[in-house]
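**Q** Here it is, the structure in full.
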Amino acid sequence: MKLRKIGIGVVLLAAISFMINSTSAASEPPTVGQAAPTFTLPSQDGSPVSLEQFRGKWVLLYFYPKDNTPGCTLEAHNFQRDLRQYESLNTVVVGVSLDSEASHKSFCTKQGLTFKLLADKEREVTTKYGSLKSMLGIKMSARNTFLIDPQGNIAKVWLGVQPSSHSAEVLKELEGREGKKG
């Protein structure tokens, strides 16, 4: 009887682990060289933000699961910490999640974030970028980043990023591209 309980426990544990780790993207992410899918979404202050308004600049468009969670907070802090470096490389940082404008406003205030966070409550942009996932039946954005060049094309894609080191990865990529120009 004891062995049977252990076996059932192992099966349940495996099933839970599978559900936590499984993601189901609604579509494939855009690839390098493709035109970046356009969008207009409300930011934390309620103002609409469109990809087109950043033409002529690099855009670091990052998707993240949820405001005020440990990994998302760490990732946002690192982007904020490095914001001057991004600006010196003609790059804007824009975050997207399924959270509301009010949630983003609270997150930005609490964490001292000054870049734009966009509310994709209808999941349209997250889906266009192949970044919609489901965890235990809850829909959220996957932790993916897209570097969009000044002409509006996808220049680099990072899927399933690590929040602690991601800003450094993106900066290295941008600096490498800057070095190739000079």
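**Q** For segment 104-120, just list the computed ³J(HN,Hα) in residue order, Karplus coefficients 6.51, -1.76 and 1.60, θ = phi - 60°, integers in Hz, with x standing in for Gly and Pro.
**A** Result, ordered by residue: 4, 4, 5, 4, 4, 5, 5, 9, x, 8, 10, 8, 7, 10, 10, 9, 9 Hz.
**Q** ³J(HN,Hα) across segment 82-97 via Karplus (A = 6.51, B = -1.76, C = 1.60, θ = phi - 60°), whole Hz, x for Gly/Pro?
**A** Computed from phi, the couplings for segment 82-97 are 9, 4, 4, 5, 4, 4, 5, 9, 6, 10, 9, 9, 9, x, 9, 8 Hz.
**Q** Given the pairs Lys66/Lys133; Lys66/Lys116; Lys57/Lys110; Lys57/Lys133, which are separated by over 22 angstrom at their Cα positions?
**A** Working: Lys66/Lys133 12 Å; Lys66/Lys116 15 Å; Lys57/Lys110 28 Å; Lys57/Lys133 29 Å.
Exceeds cut-off: Lys57/Lys110; Lys57/Lys133.
**Q** I've got another one for you. For segment 63-76, take each phi angle, set θ = phi - 60°, evaluate the Karplus expression 6.51 cos²θ - 1.76 cosθ + 1.60, and give the result in whole Hz per residue in order, putting x for glycine and proline.
**A** 9, 9, x, 7, 4, 6, 9, x, x, 5, 5, 4, 4, 4
**Q** Among Ala142, His104, His166, whose Cα projects farthest towards the positive end of the dipole of segment 23-181, with charges put on the beta-carbon of Lys, Arg (+1) and Asp, Glu (-1)?
**A** About the Cα centre, the residue reaching furthest to the positive side is His166.
**Q** Determine, for Glu75, Glu122, the number of other Cβ atoms within 10 Å of each Cβ, and report the residues in order from fewest to most. Intermediate values should be presented prior to the final figure.
**A** Working: Glu75 24, Glu122 10.
With the fewest neighbours first, Glu75, Glu122 line up as Glu122, Glu75.
**Q** Nearest-5 percent of antiparallel DSSP beta bridges in segment 68-173? Before the final figure, lay out the partial values.
**A** On the way: 8 of 12 bridges.
Taking every DSSP beta bridge within segment 68-173, about 65 percent pair in antiparallel fashion.
**Q** Further question on the same structure: Give me, ordered by chain and number, the residues 5 or more places off Met135 or on other chains with an amide H under 5 Å from its own placed amide H.
**A** Hits under the 5 Å cutoff: Met140.
**Q** Also: Starting from the amide H of Val96, placed 1.01 Å from N in the peptide plane, find each other amide H under 5 Å away whose residue is 5 or more places distant or on another chain.
**A** Those lying under 5 Å, H to H, from Val96 are Tyr62, Phe63, Tyr64, Leu118.
**Q** Once amide H atoms are placed 1.01 Å from N in the peptide plane, what residues at a sequence separation of 5 or more from Phe39, or on another chain, have their amide H within under 5 Å of its amide H?
**A** HN-HN under 5 Å from Phe39: Leu51, Glu52.
**Q** Roughly how big is segment 43-180's charge dipole about its Cα centre, with Cβ charges of +1 (Lys, Arg) and -1 (Asp, Glu), in debye to the nearest 20? Don't skip to the end; give the middle numbers.
**A** On the way: 18 positive and 16 negative charges, 36 e Å.
For segment 43-180, the charge dipole is close to 180 debye.
**Q** Give me the number: length gained by fully extending His77 to Ala168, i.e. 0.36 nm times residue separation minus the C-alpha to C-alpha distance, one decimal in nm.
**A** Details: separation 91, 0.36 × 91 = 32.76 nm, distance 1.22 nm.
This chain segment gains 31.5 nm when fully extended.
Each reported figure results from applying straightforward, stated rules to the coordinates on display, with no laboratory input. Bear in mind the structure is a predicted one, so any value in this text is a computation, not a measurement. Neighbour counts are summed over all protein chains in view; Cβ atoms, including those assigned to glycine, are modelled from backbone coordinates with ideal geometry.
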